[in-house]
Amino acid sequence: MIVVPEDSVVERVVELRRAIHRRPELGFEERETSALVRSELEALGIEYRVLAKTGVVGVIRGGKPGRVAALRADMDALPISERTGLPFASEIDGKMHACGHDAHTAMLLGAARVLAGMRAELHGTAVLVFQPAEEGPGGAEPMIAEGALDDPKVEAIAMLHVAMRLAPGEIGISPGPVNAACDELHLTVRGKGGHGAYPHTSVDAIPASAALVLALQNIAARETDPLASVVVTIGTIAGGYRNNVIADVVEMSGTLRAFDPAIRDGVETRVRRIADGIAAAYAVQIETRIVRGYPPVVNDAALAQSFAAYMQSNSSLRVHRTAPTMGGEDFAYFAQAVPGVHVRLGVRSEQAGATHPGHSPQFRIDEEALPAGVQTLVAFATAFCAGTIGA
Ligand SMILES: [Zn+2]
Ligand SMILES: [Zn+2]
């Protein structure tokens, strides 16, 4: 049975969401937000602990035996100056909830209220994970390292992210990869400087760099299955002094994106092979440095499929199988630790002016979407804990 949140719960979620929206805080600085989460949990009689500086883990133990499901929300904002003109717009210049994390936190508090109210009938245990710093440098890893999933031992986890391609009342659930891995690429090409009129007495880093940029395109164009997704972007290139001087050093940076962990590893290997090959061909030295960012978010196939089918047949929400995006999400670490499901929550509406993409200073959501989010979180926890969905 699907629990639809009562009006009083929805009103509280809207109130909390607006309060958080007014006071945006950046990664690991979510002190007011964390305090608000803790006071709300306290008022609901939910036990909690603090992890990873500002992170909070709440635990709701049901009256009946069952499994342990976690629900995760991120709490951080972005360094953007809000330009929505909303009555509850950011009161802090240069900071804004432009990715919907205010709504994620408020909906999880709404789900906490619903679950706390049905403790006696609840099978198993619901764990509420409020994490810092999703936008960077990443709060999921430290939360896990400090035991967010250990006490009690979490068996599955779900999250919501607001989505501009779906409308309120619509959710997106897909098995497999849903967000890409994002890695940074840094390349330094070193030759030997000299006079532009006597190239044979030097080693020119410029043509070697040009060859390297073009050769790297071969990874996506010729070396990767056309049905798989890979991005190799060189975003910056800098080198040289003036028109008649041979450049001794060129620096480049870029981003590497892929969904499949094996393809991600393959891209890294290919970048290194091509850089070494160009270095040999052009008699330069090339230093390749790859900084790994968040891994891809991979939804557990069986869990995602059974949850989508469950919502389809038991709720009035429209359930879509949404395509993945090349954006990143540090929920990836939770989904590596235990079976995880990333659910997209439709928030787009022309009437509410909710059409601008995430990370835009004009970003806003249609609050009509919030009850569907609460319902989805509660449904995941109750259905997984009771053994209705998942392996
Ligand atoms: Zn974001
Ligand atoms: Zn986000």
Inset, instruction - With a 1.4 Å probe and every protein chain left in place, tell me how much accessible area H195 has, in Å² to the nearest 10. - result: 90 Å²
Inset, instruction - Report P(r) for region 124-208: all Cα-Cα distances, bin width 5 Å, range 0 to the bin holding the largest distance, values in whole percent. - result: 3, 8, 12, 12, 13, 10, 6, 5, 5, 6, 7, 6, 4, 2, 1, 0
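With the cut-off at 19 Å, report for region 297-362 the share of all Cα pairs above it, as a whole percent.
Beyond 19 Å sits 48 percent of the P(r) for region 297-362.
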Inset, instruction - For L227 and T201, compute 0.36 nm times the residue count separating them, minus their Cα-Cα distance, and round to one decimal in nm. - result: 4.7 nm
Legend entry - Carbon + sulfur, % of accessible area of the chain - ligands and nucleic acids excluded, 1.4 Å: 52 percent
Legend entry - Net charge over other residues, Cβ less than 12 angstrom from the Cβ of A148 (K, R count +1; D, E count -1): -1
Inset, instruction - Please work out how much length the chain gains when fully extended from A283 to D151, using 0.36 nm per residue of separation minus the C-alpha to C-alpha distance, in nm with one decimal. - result: 41.9 nm
Inset, instruction - Using packing as a proxy for protection, rank 71-78, 272-279 so that the peptide with the highest average count of other Cβ atoms within 10 Å comes first. - result: 71-78, 272-279
Legend entry - Translational diffusion coefficient (Stokes-Einstein; Kirkwood radius from C-alpha pairs) of the chain at 10 °C, 1.306 mPa s, in µm²/s: 70 µm²/s
Inset, instruction - State the Cα centre-to-centre distance between region 235-310 and region 117-194 in whole Å. - result: 22 Å
Legend entry - DSSP-assigned coil residues among trypsin sites (Lys or Arg not before Pro) in region 230-265, each with at most 15 further Cβ atoms within 10 Å: R242
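With charges only on Cβ, +1 for K and R and -1 for D and E, what is the dipole size of the chain about its Cα centre, in debye, rounded to 20? The partial results should precede the final answer.
Values: 35 positive and 45 negative charges, 105 e Å.
Around 500 debye, computed over the chain.
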Legend entry - Probe 1.4 Å, accessible area per residue of region 336-391, Å²: 35 Å²
Inset, instruction - Using only alpha carbon pairs under 8 Å that are at least six residues apart, calculate the relative contact order of the chain and give it in whole percent. - result: 24 percent
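If you roll a 1.4 Å probe over the heavy atoms of the protein chains, what accessible area per residue do you get for region 205-323, in Å²?
52 Å²
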Legend entry - Residue-normalised accessible area of region 50-138, expressed per residue, 1.4 Å probe, Å²: 30 Å²
Legend entry - Solvent exposure, largest accessible area first (probe 1.4 Å, DNA, RNA and ligands not counted), of M326, M159: M326, M159
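Using R₀ = 25 Å, calculate the FRET efficiency as 1/(1 + (r/R₀)^6) where r is the Cβ-Cβ separation of S313 and R119; round to 0.05. Present the calculation step by step, with values, prior to reporting the outcome.
On the way: r = 26 Å, r/R0 = 1.05.
My answer for the efficiency is 0.45.
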Inset, instruction - Of the DSSP beta bridges with both residues in the chain, give the percent that are antiparallel, rounding to the nearest 5. - result: 70 percent
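Is region 103-148 rounded, prolate or oblate when judged by the Cα gyration tensor, a ≥ b ≥ c being the square roots of its eigenvalues, rounded requiring a/c under 1.5 and prolate requiring a/b larger than b/c? The partial results should precede the final answer.
Working: a/c = 5.36, a/b = 1.80, b/c = 2.98.
The shape class here is oblate.
Which peptide among 50-60, 200-210 comes first, and what is the full order, when sorted by highest mean count of other Cβ atoms within 10 Å?
Details: 50-60: 21.9, 200-210: 18.3.
So the order, starting with the most tightly packed, is 50-60, 200-210.
The values are calculated or read from the model by the stated rules, or taken from the named source; none is laboratory data. Because the structure is a prediction, the values reported are computed rather than measured. Note: ideal-geometry Cβ built from the backbone for every residue, glycine included; neighbour counts use all protein chains shown. What goes into the accessible areas is simple: the full protein's heavy atoms, side chains included, and nothing from ligands, DNA or RNA. Shrake-Rupley method; radii C 1.70, N 1.55, O 1.52, S 1.80 Å.
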